[in-house]
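One structure below.
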Amino acid sequence: MTSIRPLVAGNWKMNGIDSSLAELGALREQLAEAPVAEADVMVCPPATLLSRAVEILAGTDIALGGQDCHPLPSGAHTGDISAEMLADAGATAVIVGHSERRIDHGENDALVKAKALAAYRADLTAIICIGETEAERRDGETLDVLKRQIQGSVPEEARAANTVMAYEPVWAIGSGLTPTLDDVAKVHGFIREVLGRLLGQAESEATRILYGGSVKPTNAAELLFVPDVNGALVGGASLKTTDFYGILAVYRDGAGG
Ligand code: PGA
(Lines give C-alpha, C1' and ligand atoms only; values in the text may rest on other atoms or scores of the structure.)
Protein backbone atom coordinates (compact mmCIF):
# COMPACT_ATOMS: atom_id res chain seq x y z
CA MET A 1 0.00 0.00 0.00
CA THR A 2 2.90 2.34 0.68
CA SER A 3 3.68 2.38 -3.03
CA ILE A 4 0.57 4.42 -3.83
CA ARG A 5 1.56 7.92 -4.87
CA PRO A 6 -0.40 10.39 -2.77
CA LEU A 7 -2.64 13.11 -4.16
CA VAL A 8 -3.51 16.40 -2.51
CA ALA A 9 -6.54 17.92 -4.21
CA GLY A 10 -7.97 21.33 -3.39
CA ASN A 11 -11.70 21.87 -3.73
CA TRP A 12 -12.44 25.58 -3.96
CA LYS A 13 -16.22 24.94 -3.88
CA MET A 14 -18.25 28.08 -4.76
CA ASN A 15 -15.30 30.36 -4.11
CA GLY A 16 -13.13 32.12 -6.61
CA ILE A 17 -13.26 34.96 -9.09
CA ASP A 18 -10.67 36.23 -11.49
CA SER A 19 -8.55 37.79 -8.75
CA SER A 20 -8.40 34.45 -6.89
CA LEU A 21 -6.28 33.07 -9.70
CA ALA A 22 -3.34 34.88 -8.10
CA GLU A 23 -3.34 32.01 -5.58
CA LEU A 24 -2.70 29.57 -8.41
CA GLY A 25 0.15 31.73 -9.66
CA ALA A 26 1.57 31.71 -6.14
CA LEU A 27 1.20 27.92 -5.92
CA ARG A 28 2.98 27.55 -9.20
CA GLU A 29 5.86 29.71 -7.98
CA GLN A 30 6.04 28.05 -4.59
CA LEU A 31 6.26 24.60 -6.13
CA ALA A 32 8.88 25.77 -8.62
CA GLU A 33 11.00 27.13 -5.76
CA ALA A 34 10.45 24.28 -3.33
CA PRO A 35 9.03 21.26 -5.17
CA VAL A 36 7.22 18.46 -3.41
CA ALA A 37 8.18 15.52 -5.58
CA GLU A 38 6.50 12.98 -3.29
CA ALA A 39 2.86 13.82 -4.11
CA ASP A 40 0.58 14.80 -6.97
CA VAL A 41 -1.25 18.12 -6.74
CA MET A 42 -4.65 19.09 -8.10
CA VAL A 43 -6.88 22.11 -7.79
CA CYS A 44 -10.62 22.04 -8.47
CA PRO A 45 -11.66 25.67 -8.98
CA PRO A 46 -15.16 26.69 -10.02
CA ALA A 47 -15.80 25.75 -13.65
CA THR A 48 -15.88 29.45 -14.60
CA LEU A 49 -12.15 29.68 -13.85
CA LEU A 50 -10.94 26.45 -15.44
CA SER A 51 -9.74 27.81 -18.77
CA ARG A 52 -7.89 30.69 -17.16
CA ALA A 53 -6.41 28.32 -14.59
CA VAL A 54 -5.09 26.13 -17.41
CA GLU A 55 -3.16 29.08 -18.80
CA ILE A 56 -1.65 29.93 -15.42
CA LEU A 57 -0.61 26.35 -14.74
CA ALA A 58 0.66 25.55 -18.24
CA GLY A 59 3.92 23.64 -18.14
CA THR A 60 3.48 22.55 -14.50
CA ASP A 61 2.43 19.22 -13.03
CA ILE A 62 -0.48 20.82 -11.15
CA ALA A 63 -3.65 19.14 -12.41
CA LEU A 64 -7.09 20.72 -12.63
CA GLY A 65 -10.42 19.16 -11.79
CA GLY A 66 -14.10 20.02 -11.91
CA GLN A 67 -16.37 19.87 -8.86
CA ASP A 68 -19.36 18.08 -10.38
CA CYS A 69 -20.69 16.97 -13.76
CA HIS A 70 -23.97 15.94 -15.37
CA PRO A 71 -24.27 12.27 -16.38
CA LEU A 72 -24.98 13.15 -20.03
CA PRO A 73 -22.49 14.57 -22.53
CA SER A 74 -24.74 17.40 -23.75
CA GLY A 75 -28.36 18.44 -24.06
CA ALA A 76 -31.17 20.53 -22.66
CA HIS A 77 -30.04 20.72 -19.03
CA THR A 78 -29.92 24.38 -18.10
CA GLY A 79 -27.11 25.26 -15.75
CA ASP A 80 -25.45 21.87 -15.85
CA ILE A 81 -21.94 21.09 -17.04
CA SER A 82 -20.92 17.83 -18.68
CA ALA A 83 -17.76 15.86 -18.08
CA GLU A 84 -16.85 16.47 -21.72
CA MET A 85 -17.10 20.24 -21.16
CA LEU A 86 -14.79 20.01 -18.15
CA ALA A 87 -12.31 17.97 -20.17
CA ASP A 88 -12.55 20.50 -23.00
CA ALA A 89 -11.81 23.31 -20.52
CA GLY A 90 -8.66 21.51 -19.36
CA ALA A 91 -9.76 19.38 -16.41
CA THR A 92 -8.37 15.87 -16.02
CA ALA A 93 -10.61 14.89 -13.11
CA VAL A 94 -13.97 15.66 -11.57
CA ILE A 95 -15.30 15.36 -8.03
CA VAL A 96 -18.59 13.44 -7.88
CA GLY A 97 -20.85 12.73 -4.92
CA HIS A 98 -19.50 15.43 -2.64
CA SER A 99 -21.72 15.57 0.44
CA GLU A 100 -22.66 19.16 -0.41
CA ARG A 101 -24.10 17.84 -3.70
CA ARG A 102 -25.70 14.84 -2.01
CA ILE A 103 -27.31 17.07 0.63
CA ASP A 104 -27.98 20.38 -1.18
CA HIS A 105 -29.11 18.77 -4.43
CA GLY A 106 -30.53 15.47 -3.20
CA GLU A 107 -28.03 13.39 -5.17
CA ASN A 108 -28.28 9.68 -4.49
CA ASP A 109 -25.80 6.88 -5.05
CA ALA A 110 -27.24 5.92 -8.45
CA LEU A 111 -26.77 9.46 -9.74
CA VAL A 112 -23.26 9.63 -8.34
CA LYS A 113 -22.45 6.38 -10.13
CA ALA A 114 -23.83 7.78 -13.39
CA LYS A 115 -21.65 10.85 -12.93
CA ALA A 116 -18.57 8.67 -12.33
CA LEU A 117 -19.36 6.81 -15.55
CA ALA A 118 -19.66 10.17 -17.33
CA ALA A 119 -16.20 11.04 -16.04
CA TYR A 120 -14.76 7.82 -17.51
CA ARG A 121 -16.53 8.48 -20.81
CA ALA A 122 -14.80 11.88 -20.99
CA ASP A 123 -11.44 10.40 -19.93
CA LEU A 124 -11.53 12.14 -16.58
CA THR A 125 -10.57 10.63 -13.26
CA ALA A 126 -13.62 10.38 -10.98
CA ILE A 127 -13.01 11.50 -7.41
CA ILE A 128 -15.89 9.72 -5.69
CA CYS A 129 -16.81 11.13 -2.27
CA ILE A 130 -18.43 9.19 0.54
CA GLY A 131 -18.96 9.95 4.20
CA GLU A 132 -21.36 9.61 7.10
CA THR A 133 -23.35 12.41 8.73
CA GLU A 134 -23.09 13.33 12.38
CA ALA A 135 -26.38 11.52 13.14
CA GLU A 136 -25.27 8.37 11.34
CA ARG A 137 -22.02 8.40 13.25
CA ARG A 138 -23.83 8.89 16.55
CA ASP A 139 -26.08 5.95 15.74
CA GLY A 140 -23.08 3.72 15.04
CA GLU A 141 -23.95 3.43 11.34
CA THR A 142 -20.73 4.78 9.85
CA LEU A 143 -19.45 1.56 8.27
CA ASP A 144 -22.91 0.53 7.00
CA VAL A 145 -23.39 3.92 5.36
CA LEU A 146 -19.97 3.83 3.73
CA LYS A 147 -20.51 0.31 2.45
CA ARG A 148 -23.85 1.28 0.96
CA GLN A 149 -22.36 4.40 -0.64
CA ILE A 150 -19.45 2.46 -2.15
CA GLN A 151 -21.69 -0.30 -3.48
CA GLY A 152 -24.12 2.26 -4.90
CA SER A 153 -21.73 4.93 -6.21
CA VAL A 154 -18.66 3.11 -7.48
CA PRO A 155 -19.15 1.67 -10.99
CA GLU A 156 -17.89 -1.80 -11.87
CA GLU A 157 -15.70 -0.04 -14.42
CA ALA A 158 -13.80 1.75 -11.66
CA ARG A 159 -10.06 1.10 -11.68
CA ALA A 160 -7.17 2.55 -9.72
CA ALA A 161 -6.21 4.42 -12.90
CA ASN A 162 -9.54 6.22 -13.34
CA THR A 163 -10.88 6.53 -9.80
CA VAL A 164 -9.91 8.19 -6.55
CA MET A 165 -12.00 7.62 -3.44
CA ALA A 166 -12.45 10.41 -0.90
CA TYR A 167 -13.63 9.68 2.63
CA GLU A 168 -15.16 12.86 3.99
CA PRO A 169 -17.11 12.57 7.23
CA VAL A 170 -19.85 15.19 6.74
CA TRP A 171 -19.47 16.42 10.33
CA ALA A 172 -15.76 17.08 9.77
CA ILE A 173 -16.22 19.27 6.70
CA GLY A 174 -15.57 22.92 7.45
CA SER A 175 -16.09 22.30 11.18
CA GLY A 176 -12.52 22.10 12.42
CA LEU A 177 -13.37 18.65 13.80
CA THR A 178 -11.56 15.52 12.63
CA PRO A 179 -11.94 11.85 13.49
CA THR A 180 -9.29 10.24 15.68
CA LEU A 181 -6.34 8.79 13.80
CA ASP A 182 -7.51 5.33 14.87
CA ASP A 183 -10.93 5.97 13.37
CA VAL A 184 -9.40 7.23 10.13
CA ALA A 185 -7.23 4.11 9.88
CA LYS A 186 -10.18 1.84 10.63
CA VAL A 187 -12.48 3.52 8.12
CA HIS A 188 -9.91 3.73 5.31
CA GLY A 189 -9.01 0.06 5.82
CA PHE A 190 -12.70 -0.79 5.66
CA ILE A 191 -13.18 1.23 2.45
CA ARG A 192 -10.29 -0.64 0.84
CA GLU A 193 -11.80 -3.94 1.93
CA VAL A 194 -15.22 -3.12 0.45
CA LEU A 195 -13.58 -1.85 -2.75
CA GLY A 196 -11.63 -5.10 -2.92
CA ARG A 197 -14.85 -7.12 -2.90
CA LEU A 198 -16.23 -4.90 -5.66
CA LEU A 199 -13.20 -4.43 -7.94
CA GLY A 200 -10.77 -7.14 -6.89
CA GLN A 201 -7.90 -6.91 -4.48
CA ALA A 202 -5.27 -5.70 -6.95
CA GLU A 203 -7.33 -2.67 -8.03
CA SER A 204 -8.36 -1.91 -4.49
CA GLU A 205 -4.78 -1.99 -3.24
CA ALA A 206 -3.71 0.45 -5.95
CA THR A 207 -6.61 2.90 -5.49
CA ARG A 208 -6.00 6.20 -3.77
CA ILE A 209 -8.25 6.82 -0.80
CA LEU A 210 -8.11 10.48 0.23
CA TYR A 211 -9.17 11.80 3.60
CA GLY A 212 -11.17 15.05 3.58
CA GLY A 213 -12.67 17.22 6.30
CA SER A 214 -10.85 20.06 8.08
CA VAL A 215 -7.40 19.12 6.82
CA LYS A 216 -5.02 21.96 7.74
CA PRO A 217 -1.25 22.43 7.77
CA THR A 218 -1.42 21.85 11.53
CA ASN A 219 -3.01 18.38 11.37
CA ALA A 220 -1.83 17.15 7.96
CA ALA A 221 1.39 15.58 9.23
CA GLU A 222 -0.71 13.31 11.46
CA LEU A 223 -3.69 12.58 9.24
CA LEU A 224 -1.84 11.98 5.99
CA PHE A 225 0.47 9.33 7.40
CA VAL A 226 -2.32 7.16 8.76
CA PRO A 227 -2.27 3.73 7.09
CA ASP A 228 -4.48 3.55 3.98
CA VAL A 229 -4.65 7.35 3.67
CA ASN A 230 -3.27 8.26 0.24
CA GLY A 231 -3.74 11.99 0.26
CA ALA A 232 -6.26 14.67 1.08
CA LEU A 233 -9.25 16.46 -0.38
CA VAL A 234 -8.93 19.95 1.02
CA GLY A 235 -11.68 22.57 1.10
CA GLY A 236 -11.16 25.76 3.10
CA ALA A 237 -7.39 25.39 3.42
CA SER A 238 -6.99 25.09 -0.36
CA LEU A 239 -8.06 28.69 -0.91
CA LYS A 240 -4.81 30.15 0.41
CA THR A 241 -1.61 28.95 -1.17
CA THR A 242 0.36 29.14 2.07
CA ASP A 243 -2.08 26.73 3.75
CA PHE A 244 -2.46 24.42 0.76
CA TYR A 245 1.28 24.24 0.22
CA GLY A 246 1.76 23.66 3.95
CA ILE A 247 -0.42 20.54 3.67
CA LEU A 248 1.35 19.30 0.57
CA ALA A 249 4.77 19.87 2.11
CA VAL A 250 4.20 17.21 4.78
CA TYR A 251 4.96 14.64 2.09
CA ARG A 252 8.41 16.14 1.68
CA ASP A 253 8.99 16.74 5.38
CA GLY A 254 7.59 13.44 6.65
CA ALA A 255 5.30 12.44 9.52
CA GLY A 256 5.36 14.94 12.36
CA GLY A 257 7.65 17.20 10.30
P1 PGA B 1 -12.88 21.42 4.42
O2 PGA B 1 -13.70 20.76 3.22
O3 PGA B 1 -11.42 21.11 4.17
O4 PGA B 1 -13.17 22.90 4.32
O5 PGA B 1 -13.35 20.80 5.67
C6 PGA B 1 -13.35 19.52 2.70
C7 PGA B 1 -14.23 19.17 1.54
O8 PGA B 1 -15.45 19.36 1.62
O9 PGA B 1 -13.74 18.65 0.52
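The values are calculated or read from the model by the stated rules, or taken from the named source; none is laboratory data. All figures in this text were calculated on a predicted structure; none of them were measured in a lab. When we count neighbours, we look across all protein chains shown, and the Cβ atoms used for this are built from the backbone with ideal geometry, even at glycine. Just so you know, the surface numbers come from the protein's heavy atoms only, side chains and all, with ligands and any DNA or RNA stripped out. Shrake-Rupley method; radii C 1.70, N 1.55, O 1.52, S 1.80 Å.
Cβ under 11 Å from PHE244's Cβ, PHE244 left aside: what net charge do those residues give with Lys, Arg +1 and Asp, Glu -1?
Around PHE244, the surrounding residues sum to 0.
What percentage of the solvent-accessible surface of the chain, computed with a 1.4 Å probe over protein heavy atoms, is contributed by carbon and sulfur atoms? Show your work: numbers first, answer last.
Values: 5770 of 11320 Å².
The value for the chain is 51 percent carbon and sulfur by accessible area.
Given the options ALA221, ALA76, ALA39, which has the most mean-square fluctuation in a GNM of the chain, springs set between C-alpha atoms less than 10 angstrom apart?
Greatest mean-square fluctuation among the candidates belongs to ALA76.
Beyond 23 Å, how much of the Cα-Cα pair distribution for segment 148-250 remains, as a whole percent? Show your work: numbers first, answer last.
Values: 1405 of 5253 pairs.
The calculated P(r) of segment 148-250 puts 27 percent of pairs beyond 23 Å.
VAL164's amide H: which non-local residues (gap 5+, or another chain) put their own amide H closer than 5 Å, with H modeled 1.01 Å from N in plane and none for Pro or chain starts?
Answer set, sorted by chain and number: ALA126, ILE127, ILE128.
Just flag the GluC sites (Glu not before Pro) in segment 64-169 sitting in loop per DSSP whose Cβ has no more than 11 other Cβ atoms within 10 Å. Write out the running numbers ahead of the final one.
On the way: sites: GLU84, GLU100, GLU107, GLU132, GLU134, GLU136, GLU141, GLU156, GLU157; in loops: GLU107, GLU132, GLU141, GLU156, GLU157.
In loop regions of segment 64-169 (DSSP not H, G, I, E or B), the sparsely surrounded GluC sites (Glu not before Pro) are GLU156.
How much net charge surrounds PRO169 when only the other residues with a Cβ under 11 Å from the Cβ of PRO169 are counted, with Lys and Arg +1 and Asp and Glu -1? List each step's numbers first, then the result.
Numbers: positive: ARG137; negative: GLU132, GLU134, GLU136, GLU168, ASP183.
Computed value for this residue: -4.
Amide H to amide H under 5 Å from ALA232: which residues, 5+ apart in sequence or cross-chain, H placed 1.01 Å off N in plane?
LEU7, VAL8, ALA9, TYR211
Could you work out the percent of alpha carbon pairs in the chain separated by over 22 Å, rounded to a whole number? Mind dumping the intermediate values first?
Working: 16681 of 32896 pairs.
In whole percent, the long-distance tail amounts to 51.
For segment 41-190, count the residues as N, evaluate 2.2 N^0.38 Å, and divide the Cα radius of gyration by that value, please.
Working: Rg = 15.8 Å, N = 150, 2.2 N^0.38 = 14.8 Å.
Dividing the Cα radius of gyration by 2.2 N^0.38 Å gives 1.07.
Per residue of segment 84-89, what does 6.51 cos²θ - 1.76 cosθ + 1.60 with θ = phi - 60° give for ³J(HN,Hα)? Whole Hz please, x for Gly and Pro, Karplus curve as stated.
4, 5, 5, 4, 4, 7
Tally Lys/Arg at +1 and Asp/Glu at -1 over every other residue whose Cβ is under 13 Å from the Cβ of GLU38; what's the total?
Working: positive: ARG5, ARG252; negative: ASP40, ASP61, ASP253.
So the environment of GLU38 carries a net charge of -1.
Specify the residue with the greatest mean-square fluctuation among ALA119, ALA158, ALA22, computed from a Gaussian network of the chain linking alpha-carbon atoms under 10 Å apart.
Highest fluctuation among the options: ALA22.
Tabulate in residue order the Karplus-calculated ³J(HN,Hα) for segment 22-37, using 6.51 cos²θ - 1.76 cosθ + 1.60 with θ = phi - 60°, rounded to whole Hz; enter x for Gly and Pro.
4, 5, 5, x, 5, 5, 4, 5, 4, 6, 6, 6, 9, x, 10, 6
Kindly provide log₁₀ I(q)/I(0) values, in the same order as q = 0.23, 0.25, 0.30 Å⁻¹, from the Debye equation applied to equal alpha-carbon scatterers of segment 74-126.
Evaluating at q = 0.23, 0.25, 0.30 Å⁻¹ gives log10 I(q)/I(0) of -0.91, -1.04, -1.21.
With θ set to phi - 60° and the Karplus curve 6.51 cos²θ - 1.76 cosθ + 1.60, what are the ³J(HN,Hα) couplings of segment 226-238 in order, to the nearest whole Hz, using x for Gly and Pro?
5, x, 6, 9, 10, x, 9, 10, 10, x, x, 6, 8
Taking only Cα atoms and a 10 Å spring cutoff, compute GNM fluctuations for the chain and point out the largest among GLY200, GLY65, GLY212.
Of the options given, GLY200 has the highest mean-square fluctuation.
So for the chain, if I pair up every lysine 8 or more residues apart or on another chain, how many of those pairs have alpha-carbons under 22 Å apart?
Close lysine pairs under the 22 Å cut-off: 9.
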